[in-house]
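The values are calculated or read from the model by the stated rules, or taken from the named source; none is laboratory data. These numbers were taken from a predicted model, which means no experiment stands behind them. Glycine also receives a Cβ, built like all others from the backbone with ideal geometry; neighbour counts cover every protein chain displayed. Quick note on the areas: whole protein, heavy atoms, side chains included, nothing else; ligands and nucleic acids left out. Shrake-Rupley method; radii C 1.70, N 1.55, O 1.52, S 1.80 Å.
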Amino acid sequence: IKLADRGDQIVIARNAAWRQRMFALITGFMDADETPEEGITREVSEETSLKVDSLDLIGVYEFKKMNQVIIAYHVVARGEIVLSPELVEYKLMPPEQIKCWPAGTGRAVADWLLSRGIEPQWIT
């Protein structure tokens, strides 16, 4: 999971496979012999064409529904967004307008917001 920050806005995107017009963080899987940081840098580049300037660990979260462990990072990136075929649409959101969801990635967003003094809003 990458909480990608371009300027002062967060990049969220809609996966081409999703039927609903739902947006989420940029996510991906590590390749063999990659560190989490290398995987994140590669995924951000592949999915958005952005260049990663820095990344900081937010935390580690269980995602029981998919039997996965999520390693969440805050990524500061720059450049022009060009989406991969996996993604069909993106939004740039001010952090205070993001609504968190009660799953692993949503909890990571909430923790990141709290670390910046922003009270998370939750989807109801």
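Descriptive notes on the structure:
- Area of Ile98 that stays accessible when all protein chains are in place (1.4 Å probe, Å², to 10): 10 Å²
- Residue-span extension gain [Arg21 to Glu46] - 0.36 nm each, minus C-alpha spacing: 6.8 nm
- Here the chain is scanned for trypsin sites (Lys or Arg not before Pro) in DSSP loops (not H, G, I, E, B) that have at most 16 other Cβ atoms within 10 Å, and the longest stretch holding none of them is 22-115.
- Helical runs assigned H by DSSP (4 residues or longer) give the chain a calculated mean residue ellipticity at 222 nm of -6500 deg cm²/dmol, each run adding -39500 (n - 2.57) before division by the residue total.
- Largest first, the residues Glu37, Glu96 sort by 1.4 Å accessible area into Glu96, Glu37.
- Each Lys and Arg contributes +1 and each Asp and Glu -1, all at the Cβ; summed about the Cα centre of the chain, the dipole is approximately 640 debye.
- Sequence of Thr105, Thr27, Thr124 when ordered by accessible area, the most exposed leading, probe 1.4 angstrom: Thr124, Thr27, Thr105
- Positive-end residue, the range 3-77 charge dipole about Cα centroid, Cβ charges, pick of Val76, Val11, Thr41: Val11
- The modelled label-to-label distance for the pair Asp33/Glu86, using points 7 Å beyond Cα in the direction of Cβ, is 2.1 nm.
- Rolling a 1.4 Å probe across all protein chains gives Trp101 an accessible area of roughly 50 Å².
- Within the accessible area of the range 65-114 (1.4 Å probe), percent carbon and sulfur: 55 percent
- Shown for the range 1-117 is the translational diffusion coefficient from the Stokes-Einstein equation, using the Kirkwood radius over Cα pairs, a temperature of 10 °C and a viscosity of 1.306 mPa s: 111 µm²/s.
- Take Ser45: with every protein chain present and a 1.4 Å probe, its accessible area is about 60 Å².
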